[in-house]
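One structure is given below, encoded as structure tokens.
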Amino acid sequence: MTAIEANFDGLVGPTHHYAGLAQGNRASARNAAQRSNPREAALQGLAKMRALADLGLAQGVLPPQERPHLPTLRAQGYRGRDAYVLDHVRRDDPDLLLAVGSASSMWAANAATVSPSADTADGRVHFTSANLVSHRHRAIEAATTARVLAKLFADPELFVHHGPLPAMPATADEGAANHMRLCSDVGEAGLEVFVYGRDAKDPIDVVADDADPDAAPVAPARQARGAGEAIARRHRLRPARVAHLRQAPSAIAAGAFHNDVVAVAHRGLLLHHEHAFMDLEALRTQAGKALGPEFRPRFVEVRDKQLSLDDAVASYLFNSQIVDVPGRGMWLICAQECREMTRAWNLIQEWIADPTLPIRGVEVFDLRQSMRNGGGPACLRLRVVLTPQQQAAVHAPCWITPERHGQLVDWVRRHYRDRLVPADLADPQLLDESRTALDRLTQLLGLGSLYEFQR
């Protein structure tokens, strides 16, 4: 039995709401202040997890984080009973309340960067939790994410956990959403590709459209090259098998706040928009040098005339997952928006029909609740390559089975609201409901005292 690529999806939290917090994320901004349905969001995510597990894939779940996050508010000087703190922040700094109430930890692709044991000098799986320093509603996730991953992947003989990089612009890190890996097989050594939006000499906060260098800055470049360089050293990767690839500023300006909005890679296949990168040919050359002449990756470029950059972002075509379905080859896991956009759906059908490409089928999922907040199928999952020994060492209750799926569905239906607007975050009853739900979840998943309120 060889290594497999497991997916660990973030479970949408009870405070899922639309506040437009993510600068440069068009879907998030477009739906700001709209009513959300946390129950439906969580059930949609669980349906995808169950479906992939039913296809024979190794599918796990990552728990949501405690929200509203009262420790963040108390660290900023707010005192008194929880209800008083929430009301005080509502009046004093409503944007802060929106941030500490965000359910954005569901975007598991931002949880960490993971290097499989085939790539690391010590033969262990390495994790670096992302610092997510670019946005305050994301930066507060880092400590809990590190605790979660340490519980799920606990054996120090098999797994190494690195804390978040220093929270500074030079090492701004958004996790696996900006990390790709090219290889012949997931269990073999590969080329790890770190995609970045800016390097040390670039402005900290924003980039402009590369087609018009004199244009006003329009969006943040969240990922720093220094983060990828530091992670490669931490994970003890071989320098010849590390690549740093710059994302095109025009892609960021168009709403591709992470690389996984304009590109997706799996084994020897890379699907990307023509405006995704600055110098893709250099990557092709490096892949040949690092993995040998027998390794012949397929770089499939989608031209702007086939699918505009705006439509790529709107459909989240490149935020699809590419998975190996046992006995059926590679399949594409995409959002309903891809089927509803004719050009995107035609591309998928062309890829499946092309005998020179390895994609053999497609599964479509309704993830409307998460899509409205700016994330699709690939945003919801963290990929972890595991050998049989490593897979057996994963915290077992977090694997999705029919029984576990049913328990989680019942849990969501019992504890989640079916409507939420941002103003509800000041409701102390919502805080109590969320804590009750998370306390029950940690029992269900055998995670112990994971959250601050449990300690």
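Once the Cα atoms are used to define both axes, helix 225-234 deviates from the longest principal axis of the chain by about 90 degrees. Solvent exposure of the chain, expressed per residue, is 38 Å² of accessible area, with all protein chains present and a 1.4 angstrom probe.
Local charge for residue 408 was computed over the other residues whose Cβ lies under 13 Å away, with Lys and Arg +1 and Asp and Glu -1, and equals +4. Give the aspartates and glutamates reachable from residue 305 as a straight Cα distance under 12 Å; neighbours fewer than 8 places away on the same chain don't count. Result set, ordered by chain and number: 274. To the nearest ten degrees, helix 342-353 and the longest principal axis of the Cα atoms of the chain are 50 degrees apart. Computed from Cα atoms, the angle from the helix 38-54 axis to the main principal axis of the chain rounds to 40 degrees.
Averaging the inverse of every distinct alpha carbon separation and then flipping it gives the Kirkwood radius. What is it for segment 119-182, in angstrom units? Kirkwood radius, segment 119-182: 12.6 Å. Pairwise alpha-carbon distances in segment 337-382 exceed 16 Å for 49% of all pairs. Given axes a ≥ b ≥ c from the Cα gyration tensor, I'd like to know whether the chain is rounded (a/c under 1.5), prolate (a/b larger than b/c) or oblate. Rounded shape, in that the Cα axes give a/c under 1.5.
The values are calculated or read from the model by the stated rules, or taken from the named source; none is laboratory data. Bear in mind the structure is a predicted one, so any value in this text is a computation, not a measurement. FYI the Cβ positions are ideal-geometry reconstructions off the backbone, even for glycines, and counts take in every protein chain you see. Remember, those area values only see protein heavy atoms, side chains included, never the ligands or the DNA or RNA. Shrake-Rupley method; radii C 1.70, N 1.55, O 1.52, S 1.80 Å.
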